[in-house]
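The values are calculated or read from the model by the stated rules, or taken from the named source; none is laboratory data. Small disclaimer: the values here were computed from a predicted structure and weren't measured. Virtual Cβ from ideal backbone geometry, glycine too; neighbours counted across all protein chains shown. When the accessible area is computed, the model is the full protein with side chains, heavy atoms only, and any ligands, DNA or RNA have been set aside. Shrake-Rupley method; radii C 1.70, N 1.55, O 1.52, S 1.80 Å.
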Amino acid sequence: MSSILQADVYVSSRLPIAIKRLGETSSFSPISCTLIHGDEGAVLVDTPISISQTEDLVSWIKRTAPGKELRYVYITHGHGDHWFGITILRKHWPNLRALATPGTVEHMKEQLQPGILKGTWLTLFPGNQIPQPLELAEPMDEPVFKLEGHAFRAIEVGHTDTYNTTVLHVPSIRLVVAGDAVYGDVHQFFGEANTSEKRNEWLRALDTIEALDPHTVIAGHKRAGTVDGLFNLQKTRQYILDFEDAVRSASNWKELVGDIQRRYPNRINPHAILRGALAAIPEAKASSKV
Ligand SMILES: [Zn+2]
């Protein structure tokens, strides 16, 4: 008889960002890491960014699933805020396998290019906060792996808040760990989903997740304490539709920021709106419109 899986969600601290945005200091969105465990083994989905965040996650895993071996960490997509911690996990679980789809692994490699690693990540989080050297995941030959007889399936969902994104589906407990395809009460990042076409692809990704008929959907960035219900799908969809509507009516990026802030006064990390607004309505274009 196979085990019954259970799952727990760790929500990271918000890492302070070294550069000011709009003249204000800010912090990165909280990151969720999901632990799915059976009788003896465990699977983690995604890691946080920094050494200290990941050490905190390691202590939480050891408290949450004592005596269980972390066999796999699955990475949902290539953005560094979901995998930079692999290096730290490796110190604690030397036999751990870090897995991702080939598309995600390619994206991870791209994040290591100097323009992105130095230009973005090490600028936002300087002073040896990010582990070095960064360990990549291995590309999966087939989109499934198993723990104690249970299948874990990587589902490609295309462009959501970035390209080549996936979710992890665990059919035996009707769980979807959605990475950044789904957000939980945190402002959604439209810095890369900067056209209606890409945002429509994101909407289709939500349909794909819904079609898996899950009972639990865990958002990649979420407010700790929020239940991981299907409403996360509905709210993520509504936010995309609202952003689309706000882009249509705004004549410059500042108006767009103001509109989203008015529609969503309580979501975490309002600074995320800025990147999306600037990508949707770049300054040069905006000035010709004003
Ligand atoms: Zn993210």
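From largest to smallest, the equivalent ellipsoid semi-axes obtained for the range 6-289 from the alpha-carbon gyration tensor read 31, 21, 17 Å. Between helix 102-111 and the chain, what is the angle of the helix's C-alpha long axis to the longest principal axis, kept within 0 to 90° and rounded to the nearest 10? Taking Cα atoms only, the helix is inclined about 60 degrees. Estimated translational diffusion coefficient (Stokes-Einstein, Kirkwood radius over Cα pairs, 4 °C, 1.567 mPa s) of the range 5-100: 94 µm² per second. Close lysine pairs were tallied over the chain: pairs 8 or more places apart or on different chains with Cα atoms under 20 Å apart number 11.
Rolling a 1.4 Å probe over the protein heavy atoms gives the chain an accessible area of 43 Å² per residue.
Each Cα pair under 8 Å and six or more residues apart adds its separation to the average, and for the chain the resulting relative contact order is 16 percent. Sorting the segments 207-219, 76-88 by their mean number of nearby beta carbons within 10 angstrom, highest to lowest, gives 76-88, 207-219. Overall, the accessible surface of the chain at a probe of 1.4 angstrom is composed of carbon and sulfur to the extent of 51 percent.
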